[in-house]
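Report on one structure; see the data block that follows.
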Amino acid sequence: MTDMLIEGLYREGEPIADTKAPAGDISQKWTTRQFEAALVNPANRRKLSVIIVGTGLAGAAAGATMGEAGYNVKSFCYQDSPRRAHSIAAQGGINAAKNYKGDGDSVHRLFYDTVKGGDYRSRETNVYRLAEVSANIIDQCVAQGVPFAREYGGLLDNRSFGGVQVSRTFYARGQTGQQLLIGAYQALERQIAAGTVQMYARHEMLELVVVDGVARGIIARDLVTGEIETHLADAVVLASGGYGNVFFLSTNAMGSNVTANWRAHRKGAYFGNPAYTQIHPTCIPQSGEHQSKLTLMSESLRNDGRIWVPKRAEDCDKDPREIPEEDRDYYLERIYPGFGNLVPRDIASRQAKNMCDEGRGVGPEVDGVRRGVYLDFADAIGRLGEEAVRSKYGNLFDMYERITGENPYEVPMRIYPAVHYTMGGLWVDYDLQSTIPGLFVTGEANFSDHGANRLGASALMQGLADGYFVLPNTIRDYLAKGRSRRSARTTPPSSRPTSRSPTGWSGCCRSTAAARWTPSTRPWARSCGRSAAWNAPRRVCARPSTRSASCAPSSGATCGSWAPRTRSTSPWRRPAGWPTSSSWAS
Amino acid sequence: MATTTAPAREARTGPPSILLKTVMAVTGLVGIAYLLIHMYGNLMILVGPEAFDEYAHHIRTFGEPMLPEKGLLWIIRVALLASLVLHVWAAATMWRRANAARSQRYVMTRRGYGNFYAKAMRWGGLAILTFIIFHVLHFTTQTVTIGEAHASPAARVLDTFSHWWGVLIYLAAMIFLGLHLLHGFWGGGHDDGAELLAQARRADPVRLHPGDHHHRGGLHDPAVRHPVRASRLRTADL
Amino acid sequence: MRLALKIWRQDRPQAKGQMVRYDIDGVSEDSSFLEMLDLLNEQLIAKGEEPVAFDSDCREGICGQCGVVINGEAHGPERTTTCQLHMRSFKDGDEIVVEPWRADPFPVLKDLVVDRSAFDRIIQAGGFISANTGSAPDAHATPVPKEHADRAFMAAECIGCGACVAACPNGSASLFMGAKITHLGELPQGQPERDARVVSMTAQHDAEGLGGCTNLGECTRACPKGIPLNVISQMNADLRHAGYGR
């Protein structure tokens, strides 16, 4: 450990060991932990309060469950209603080791697939637990009235997703995230009506309150009145999502600005694997400077579409239908003949970016670069007929046409990779507690479950697993043992040594408002996102570093290396020849 | 902690809107049933004045001797009056609630089925109410006369329709009534009648009102938006 | 594209608002309606004026946070959300009137932003199935006929944007409420609370000061998810079955 900046970029931190996971066989750890975690007497739960920031799958599920258990929950979201959280936009589905298809699925297989898909960089204990509770999630959601797709016999339908060989994905058409979130939202609203949960919508967390090294509350701004408020509790849970919007353009919602996580990190919570960003290859490309966000299309399009760019940069202006076959570069089929257009996400994404950086991108020029490649269905339409293609991809084609104004049955679609999900996040232990005692982190906001790459349909699973089943069972240990630390309501205001008191914050906000930023922050965010985040990795990668974990084969298009140093407790053997890294998730 | 379905708050003001709607539907149907009988009687004028007068007389002696003279007529009159009062009361309450729900009006409102009928049902309804009062004063109490006073109902009818303004009044009333029934009957039908039959409950949302305009085809074609068709497509896709 | 915008400006909930005209040039027809408003705001900020407040979040048509009335139509001329409405639906030189959702139960907070918490309170009144975490039986314990599951899904597609209220000449939220009642009422899990739910939710709806439904169909026409009018019939039937709560 040293205070020196290494390569001018990062500093080695303290080794962190996850001390919460019990010893023993991995399949027994969760049972053991649940038993060993201290209980809180129902009468005492009324005296304990928990702040939950964010109302997505993880936050709403945790809020509802903690409320049902009888704790006093204060729930915060910046949207006008908890139902708007961006979990709602997830399309694909949710994995669960139910083995309803009898195709050999099991808890262990789901665990194995998740760890393998995450490039062996996730924390296996957490993933095993995730796989274990996955089946309970489906039961819970069905009981809440989530209208999953069903077969004619009335039983739940499954599909195969994310390149796995079993059908374990439960879905509700292309709106699984919406249906699951509405289920959790309704459970949360039920607790709001019951009085156990107090909802603070249109509130943005500005700061974490740390008293004597322990998280004791948050400072939040009421986005309607502008008032700065202090909220205290016995524990704080961040369920505030990922940081995809540091790239400015991503598939994240406009308001997902990672403030909560960032403030917690500034207050000392360690951040794990920030480089692990999932880039999704089939997004609708940017059409101009005006663009505010990107929209995802299902990757299933790659099953029948062929990806190409013109061989010569001067052809990029032409009508694609007039470019003859011999002048087209079906680059994925050329470089990866074994996989063709079905190469893994990260490879498809990286190659698309490479083609565009070479100047062979197509579509409108943004900042002097055409960022788009063709996804051509002409072959599929010729082979299967337009009707068959329409029945398979009709919704996606409609969505594409709505956004771009182009008819994909006539001209090839244009696609480009976009930031979609961030596997990294605040470091947590087995109990989902961060390095600040009393600060718990769930869902996409934490770092533990997906390693370097998240499998399809696993984000919803993790959010709900954390919210419904994991956090309520682990936080009780902290709450039970922390009662000696006294309830938040008894803390005298004078003993709140926050780095910036509420009055300090309002002064800061007033001066910011008075400054009347001209020009607005938007161009700044746009240029930072593009040059610092999206384009920078090439520069970093060009200078190979043994510490840069994210130059590994499936880590997406970006690199970075400021994760705190963590010690691996992984029982897994890393495949030979892969770059070793001291910043692996442990 | 055991939690149950949250009880209704006691802030309810007046009867439930849906109850008012049911009242409107039931009393409206009573009105429509009467209109059919009324129309049957009116059609007698085409058979001849004698037939018409015969009908007018018969309705007064119908059911004798079980009922006294005009017995049935009074039963009908009381039922109609009660229906009318309830219908108008429910409508006025709904109108008041609608106004209270949007005290600040839009600067610009779409021209279309709903916004037209929102006005047509209420102002048209008031026009019909005025007409009903006039009609009763004219033919029942004969307080108002068009042309000369006649003892024969048929003669009164024929005299009225020999004046252009008599025709105009009744024609205008029929137009208002037609508009009122067009939405009232079919709209009510959605609610309380055929709509709940199995095949009707998946009616195309866009095609519910044939008069409404559609957006241009292709992507926004109503067929594409049809929830059931869309679901089949999507399910096949998955 | 060059456009003349007439936008409702209102500083605070209690303040009196007014329509203000803005001329904007250089709008790409590929931009969404909200990106056009972003551009306007950039220009307003550059001029030192107060930007136009409007709600949006996911900008992919699913979260339901966005929504303004454009030329008298909730979410504008296409059947989609405001964020998915693109400027190619307008012509160069058009005058566009932009207003917030207008309903007293949805008070304007600022400019085009309204408070839709009435919807949350309607859900609180019973728009859920009481199933505590961990209490659920196996998901396959109760088969649900596909037809029912599909109809429940169709109703559950509601995104709670409030366009139905905005478009309804009576300011009624019947479509929103009917969708939730149909969604939960169609599933076996929703049966135990079915009567209590419809009584409770409709009472809350009326208590919020929302108007009554007169079957005009403007709601279903404006609904970006195409929720059909028959969910309202379902709600009425359920309420009749529950005896109107008396």
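Each value in this text was obtained by applying a stated rule to the coordinates, not by laboratory testing. Note that the coordinates shown come from a computational prediction; the quantities given were computed from them, not determined experimentally. Neighbour counts run over all protein chains shown; Cβ positions are idealised from the backbone, glycine included.
Here are some notes:
- Table column - 3J(HN,Hα) (Hz), segment A:451-459, Karplus curve with 6.51, -1.76, 1.60, x for Gly and Pro: x, 8, 7, 8, 6, x, 6, 9, 5
- Sequence of A:Tyr330, A:Tyr276, A:Tyr71 once ranked by neighbouring C-beta atoms within 10 Å, starting from the fewest: A:Tyr330, A:Tyr71, A:Tyr276
- Cα convex hull volume per residue for segment B:4-160 (Å³): 208
- Two-site FRET efficiency, A:Arg312 against C:Glu29, from Cβ-Cβ distance with R₀ of 35 Å, rounded to 0.05: 0.75
- Partner chain coverage, peptide C:51-60 - average Cβ within 10 angstrom: 6
- Segment B:16-94 pair-distance distribution - Cα-Cα, 10 Å bins, rounded %: 18, 36, 28, 15, 3
- Helix-only arithmetic for the protein assembly as shown: the sum of -39500 (n - 2.57) across DSSP H runs with n ≥ 4, divided by the residue total, places the mean residue ellipticity at 222 nm at -12000 deg cm²/dmol.
- Label-point separation in nm, C:Gln14 to B:Ser103, each point 7 Å along Cα→Cβ: 1.4
- Working note: Karplus 6.51/-1.76/1.60 with θ = phi - 60° gives segment C:160-168 the couplings x, 7, x, 4, 4, 5, 5, 7, 5 Hz, where Gly and Pro are set to x.
- Chain C - percent relative contact order, Cα under 8 Å, separation 6 or more: 19
- For peptide C:230-240, the mean count of partner chain Cβ atoms within 10 Å of a residue's Cβ comes to 5.
- Peptide C:17-30 has a mean of 2 when you count, residue by residue, the C-beta atoms of other protein chains within 10 Å of its C-beta.
- Helix C:33-46 axis, angle to chain C major axis (alpha carbon atoms, nearest 10°): 40
- 5 angstrom amide H check on A:Ala97, placed H, neighbours 5+ away: A:Ser134, A:Ala135
- Taking a Cβ cut-off of under 13 Å around C:Thr81, the surrounding Lys, Arg, Asp and Glu residues balance to a net charge of -1, with basic ones at +1 and acidic ones at -1.
- Ordering C:11-21, A:144-154 by mean Cβ neighbour count within 10 Å, with the highest value first, yields A:144-154, C:11-21.
- Fraction of beta bridges assigned by DSSP in chain C that are antiparallel (%, nearest 5): 80
- Straight-distance candidates among the aspartates and glutamates for linking to A:Lys481, with alpha-carbon spacing under 19 Å and chain neighbours fewer than 8 residues away dropped: A:Asp18, A:Glu36, A:Asp212, A:Asp234, A:Asp429, A:Asp431.
- Straight-line cross-link partners of C:Lys110 among the lysines, defined as a Cα under 22 Å from its Cα and at least 8 positions apart when in the same chain: C:Lys6, C:Lys16, C:Lys47.
- Distance histogram for segment C:22-66 (every C-alpha pair counted, 5 angstrom bins, percent rounded to whole numbers): 5, 21, 26, 22, 17, 7, 1
- Per-selection Rg to Rh, segment C:3-110 - Cα, Kirkwood hydrodynamic radius: 0.93
- A convex hull fitted to the Cα coordinates of segment C:81-191 yields 161 cubic angstrom per residue.
- Those GluC sites (Glu not before Pro) in segment A:197-245 that DSSP places in a loop and that have at most 16 other beta carbons within 10 Å: A:Glu227
- DSSP bridge analysis restricted to the protein assembly as shown gives an antiparallel fraction near 70%, rounded to the nearest 5.
- Principal axis dimensions, largest first and in whole angstrom, of segment A:386-436 by Cα: 56, 20, 14
- Listed peptides A:104-113, B:18-27 by packing density, highest first (mean Cβ within 10 Å): B:18-27, A:104-113
- Cα-derived Rg over Rh, computed across segment B:113-195 with Rh taken as Kirkwood radius: 1.11
- Seen from a random direction on average, the alpha-carbon convex hull of segment A:185-287 projects onto 9.4 square nanometres.
- With a simple spin-label model that places each label point 7 Å from the Cα along the Cα-to-Cβ direction, the separation between A:His108 and A:Thr521 comes to 5.1 nm.
- If you take all other residues with their beta carbon under 11 Å from the beta carbon of A:Asp367, and give Lys and Arg +1 and Asp and Glu -1, the sum is +2.
- Evaluated at q = 0.26 Å⁻¹, a Debye calculation over the C-alpha positions of segment C:164-226 (equal weights, vacuum) places log10 I(q)/I(0) at -1.06.
- Computed FRET value (nearest 0.05) for B:Leu43 with C:Lys6, which takes r as the C-beta separation and R₀ as 56 Å: 0.55
- Rg over Rh, two decimals, segment A:279-420 (C-alpha only, Kirkwood Rh): 0.92
- For the protein assembly as shown, the alpha carbon positions stretch 116, 75, 64 Å along the principal axes, listed from largest to smallest.
- For A:Lys353, the lysines whose Cα comes closer than 29 Å to its Cα, not counting residues fewer than 8 places off in the same chain, are A:Lys116, A:Lys293, A:Lys311, A:Lys318, A:Lys392.
- The string of couplings for segment A:393-407 from the Karplus curve (6.51, -1.76, 1.60, θ = phi - 60°) is 10, x, 5, 5, 5, 4, 4, 4, 5, 4, 7, 9, x, 10, 8 Hz, one whole number per residue in order, with x for Gly and Pro.
- Residues of segment A:183-204 falling in the label zone of A:Asp222, defined by backbone nitrogen less than 16 Å from a point 7 Å along Cα to beta-carbon, are A:198-204.
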